[in-house]
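The block underneath contains the structure these notes are about, expressed in structure tokens.
Throughout, read-outs are computed from the coordinates displayed, never taken from laboratory work. These figures come from a predicted structure and were not determined experimentally. Cβ sites come from the backbone with ideal geometry, for glycine too, and all protein chains shown count toward neighbours.
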Amino acid sequence: MSVNKKIVTDLIDNGVEFVTTVPCKQLAGVIDEIDRSDSIYHIPSNKEDEGMGLCAGASMGGKRSAIIMQNTAIGVTINTLVTLIQYYHIPLPMLISYRGELGEPVACQTEMAVHTKALLAQLSIPTYHFHAAADVDELDAILKYCFMSKKPVAILTDASFWKGA
Amino acid sequence: MIRSEVLKSIIPIITDKLVVCNIGLPSQELHLMDDQPSNFYMLGTMGLSSSIGLGLALAQKDKVIAIDGDGSVLTNFGTLPTIANNVADNFILLIIDNGSYGSTGDQPTYAGLRTSLTAVAEACGCENVVECKAEDTATVLQQALDSNQMTIIVCKCESGNITVPVIDMDPVVIKHRFMQEVQARNDG
């Protein structure tokens, strides 16, 4: 099974029916796989805080939701993470491309990469880092933890992970 | 009419509907005038009322009214193309457009100057965009509900505020009772 298929299968197996995305080159394959799924409503958003609002609404409507975005979005969404997702105890898996790590061709991406884990730690957001291809095996447990704890959870997926996938 | 008077005029219509209400004074005014488990009050996160409302409408069957403001829509402009391209006929976005940032001291917004939110919503591809005078809001809202079509209402009203207390309910309580209400309506 491809890693993209595995990710989407885990989302579906954990009852996720509503996914919003803001694209990243590293995430193109998983977004395509989301689009191919009949059991997930895919709603692209124009900005990641908007996407978190959509997910919060869907979650309150009884549908488990998730967001797929780039790590630069952490800079965009801090207020939304704190005053909506965390404040109201809304579970939100965040599948995040971890740009700016080893193998990164675009220098500017390293600027947010060096802040990404520190920001997530400051926000007390449980964070998992997929570096080797086999790390994806933990996704199912991470999703279960997210919905059990009603917290946002960050899954950082770096270039090495996608290269090995 | 100012926003609080508009809200008062539509309470007979929205009292039994699922309502997502904008941060600040709009939520405080609605909470003061007609607190209901079917109201979701935003205590933070300016701009996301329409996004939360759309997500809620897409996820379940019951009708949803998102009450937003011109300043909040300007903050989250990307919401209008998303709404236009993800039609939910159980969704009504009511933008109370008083041309000002009411909760922060009535500073003017661009919507009160040269920018028409009605024209923007239409340009984004939204169908059923209705601009109305404040006095006609209740009638237009009832027509939108009766039409069973997703509708964007831009209610043009005067700037101004009444004195209202802040909401001291815990956010998790607001969410919990709201979700119970949503579930009961969808189970029924």
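What number in nm² do you get for the protein assembly as shown if you take the convex hull of its Cα atoms and divide its surface by four?
Mean projected area for the protein assembly as shown: 17.3 nm², to one decimal.
Let's test the formula: R0 of 41 Å, r as the Cβ-Cβ distance of B:LEU74 and B:THR15. What FRET efficiency results, to the nearest 0.05?
After rounding to 0.05, the efficiency reads 0.90.
Determine which residues of segment A:147-165 fall in the zone a paramagnetic label at A:ALA134 would reach in this model, i.e. backbone nitrogen under 18 Å from the point 7 Å along Cα→Cβ.
Only A:158, A:160-165 pass the distance filter.
How high is the FRET efficiency between B:MET179 and B:ASN148 when r is their beta carbon distance and R₀ equals 35 Å, given to the nearest 0.05?
On the way: r = 24 Å, r/R0 = 0.69.
The calculated FRET efficiency here is 0.90.
Can you work out the Karplus-derived ³J(HN,Hα) for every residue in segment B:179-188? Use 6.51 cos²θ - 1.76 cosθ + 1.60 with θ = phi - 60°, whole Hz, and x for glycine or proline.
Running phi through 6.51 cos²θ - 1.76 cosθ + 1.60 with θ = phi - 60° gives 5, 4, 5, 4, 5, 4, 5, 7, 7, x Hz.
Along the principal axes of its C-alpha atoms, what lengths does segment B:3-187 span, in descending order and rounded to whole Å?
45, 36, 28
Using the count of nearby Cβ atoms within 10 Å as a rough guide to exposure, how do B:CYS132, B:CYS155, A:CYS146 rank from fewest to most?
Values: B:CYS132 18, B:CYS155 27, A:CYS146 23.
Lowest to highest Cβ neighbour count: B:CYS132, A:CYS146, B:CYS155.
Which whole-Hz couplings ³J(HN,Hα) result when phi for each residue of segment B:81-94 is put into the Karplus expression 6.51 cos²θ - 1.76 cosθ + 1.60, θ = phi - 60°, listed in order with x for Gly and Pro?
x, 5, 4, 4, 9, 9, 5, 10, 6, 9, 10, 10, 9, 9
Spelling out what I want: for every residue of segment A:126-131, take phi, set θ = phi - 60°, compute 6.51 cos²θ - 1.76 cosθ + 1.60 (Karplus), and round to whole Hz; glycine and proline get x.
x, 10, 10, 10, 8, 10
Grab the DSSP H runs of chain B that are 4 residues or longer, score each as -39,500 (n - 2.57), total them, divide by all residues and round the 222 nm result to the nearest 500 deg cm²/dmol.
Calculated from helices alone, the mean residue ellipticity at 222 nm is -12500 deg cm²/dmol.
If the viscosity is 0.692 mPa s and the temperature 37 °C, what Stokes-Einstein diffusion coefficient in µm²/s follows for segment B:110-188 when Rh is the Kirkwood radius over Cα pairs?
206
Taking the number of other C-beta atoms within 10 Å as the exposure measure, put B:SER100, A:SER65, B:SER9 in order starting with the fewest.
In increasing order of surrounding Cβ atoms, one gets B:SER9, B:SER100, A:SER65.
Work out Dmax and Rg for segment A:3-158 from the C-alpha atoms and quote the Rg first, both in angstrom.
Here Rg and the maximum Cα pair distance are 14.1, 41 Å.
Would you list, by chain and number, the aspartates and glutamates whose Cα falls below 15 Å from the Cα of A:LYS144, excluding same-chain residues fewer than 8 positions away?
Result set, ordered by chain and number: A:ASP10, A:ASP13, A:GLU17.
Return the FRET efficiency for the residue pair B:ASP106, A:LEU102: r is the Cβ-Cβ distance, R0 is 45 Å, and the value is rounded to the nearest 0.05.
Working: r = 52 Å, r/R0 = 1.15.
Rounded to the nearest 0.05, the efficiency is 0.30.
For B:LYS17, which lysines qualify as cross-link partners when the Cα separation must be under 25 Å and same-chain residues fewer than eight apart are set aside?
A:LYS63, B:LYS8, B:LYS61, B:LYS63, B:LYS133, B:LYS156, B:LYS175
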